[in-house]
Amino acid sequence: MRIKDIIVIVFLATLLFSCSKKEIKKTEIVEKSLELQVLEAYEEGMKALNQNDVLYAAKKFNEAEILFPQSIWAPKSALMAAYSYYKQDYYVDAIAELKRFLKIYPKHKNISYAYYLLGICYYEQIVDEKKDLQSIKNAKQTFEILIDRFPNNEYSLDAAFKIDLINDILASKEMYLGRYYVERKKWIAAINRFRTVVDEYDQTIYTQEALHRLVEIYYIIGLEQEGKKYANLLGYNYQSSIWYEKSYSIFNEMYESNKKEKLKNTKKSNIIMRKFKSLFE
């Protein structure tokens with residue numbers, strides 16, 4: 001064997017031996033923790049929401065909830081998904097998310113806000129009280145649950161105010177139907193409508209008129225004692241009301257003429273007094 005070949009063999013052997021001594025580096029793939037993935041999805045949802053991309057925001061919030069349902073971010077994400085839909089007036093989607101939140105997280109610290117937002121979703125769909133009766137009822141029922149469960153909550157204060165507005169809407173609907181029946185002389189149907197206002201919506205602005213209409217109808221159909229009962233109720237609570245004067249005039253036909261005569265005499269007396277005073281000036 002030639003010396004040149006021996007040198008090559010020795011070199012290769014040395015190279016192989018030295019390579020075997022080197023550490024083989026392992027490539028490790030570091031996976032993100034679920035908590036970090038949830039947080040990133042939540043932050044991405046917030047970013048999209050601030051940019052008014054509500055559908056993508058809702059998607060990322062739902063993703064954050066699904067990734068780690070046991071995380072503290074899960075209920076927050078569910079609530080933010082509902083708010084995202086609400087912000088863009090996607091009421092149906094927002095209501096679905098909120099109902100799911102109330103079912104899955106019934107003891108969450110933000111449960112009062114979930115009830116409030118649900119009530120608002122129903123409330124803001126009220127456009128015409130004659131067409132949106134179901135939205136009106138759902139809004140009122142949801143706000144009543146909120147007030148019953150959290151009476152001193154900040155959301156309950158606004159809910160109580162909105163219930164007053166809802167009652168005004170419902171009362172106005174009853175009054176509208178009652179007047180409709182009066183025009184067609186359907187007395188029993190009219191009485192039922194006005195009684196509903198008096199019995200169920202007695203704190204609304206329509207109570208005085210409803211009482212007067214009952215006085216008027218009972219007088220027309222010959223039930224004067226029943227009419228007097230409502231006239232007395234009207235007088236006891238709203239004696240200075242124009243509706244009380246109207247009801248009073250039904251039972252005292254001379255009331256209007258006496259009122260005009262009294263006004264006339266008052267004016268006449270004032271004229272005489274002015275003339276009398278002028279004599280001493």
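Any residue at all in segment 77-100 that's under 21 Å from the mean Cα position of the chain (by Cα), closer than 19 Å to Ile147 by Cα and not β-branched (Val, Ile, Thr)?
Looking for residues that are under 21 Å from the mean Cα position of the chain (by Cα), closer than 19 Å to Ile147 by Cα and not β-branched (Val, Ile, Thr), one finds at least one in segment 77-100, hence yes.
So which residues in segment 210-244 are among the polar types (S, T, N, Q) and farther than 24 Å from Lys173 by Cα?
Here is the first cut: in segment 210-244, the residues among the polar types (S, T, N, Q) are 225, 232, 237, 239-241.
The answer is Gln225, Asn232, Gln239, Ser240.
Counting residues that are at pLDDT below 90, which helices (runs of 4 or more DSSP H) fully inside segment 196-281 reach at least 3?
Of the helices (runs of 4 or more DSSP H) lying wholly inside segment 196-281, those with at least 3 residues that are at pLDDT below 90 span 224-238, 242-251, 254-278.
For segment 146-178, name all the residues that are exposed (fewer than 15 other Cβ atoms within 10 Å of the Cβ) and touching a helix residue (DSSP H, G or I) at 6+ places or on another chain (Cβ under 8 Å).
Arg149, Ala160
How about segment 48-93: which of its residues are of a type in the set (Gly, Ala, Ser) and closer than 14 Å to Ile104 by Cβ?
If the condition is that a residue be of a type in the set (Gly, Ala, Ser) and closer than 14 Å to Ile104 by Cβ, then Ser71, Ala74, Ser77, Ala78, Ala81, Ala82 are the ones that fit.
Select from segment 165-189 the residues that are in contact (Cβ under 8 Å) with a residue 40 or more places away in the chain and out of contact with any Asp or Glu (no Cβ under 6 Å at 6 or more places or on another chain) and write down the one among them that is farthest from Tyr201 (Cα to Cα). Spell out how you get there, then give the answer.
Of segment 165-189, the ones in contact (Cβ under 8 Å) with a residue 40 or more places away in the chain are 166, 169-170, 172-173, 176.
When the remaining residues are screened for being out of contact with any Asp or Glu (no Cβ under 6 Å at 6 or more places or on another chain), the result is 166, 170, 172, 176.
On the way: Ile166: 10, Leu170: 8, Ser172: 10, Tyr176: 14 Å.
Applying the filter and picking the extreme gives Tyr176.
If we scan segment 131-140, do we find a residue that is part of a helix (DSSP H, G or I), of a type in the set (A, V, I, L, M, F, W, C) and over 13 Å from the mean Cα position of the chain (by Cα)?
Scanning segment 131-140 turns up at least one residue that is part of a helix (DSSP H, G or I), of a type in the set (A, V, I, L, M, F, W, C) and over 13 Å from the mean Cα position of the chain (by Cα).
The values are calculated or read from the model by the stated rules, or taken from the named source; none is laboratory data. Everything numeric here is computed off the predicted structure, so don't read it as measured data. Counting neighbours? That spans all protein chains shown, and the Cβs are built from the backbone with ideal geometry, glycine included.
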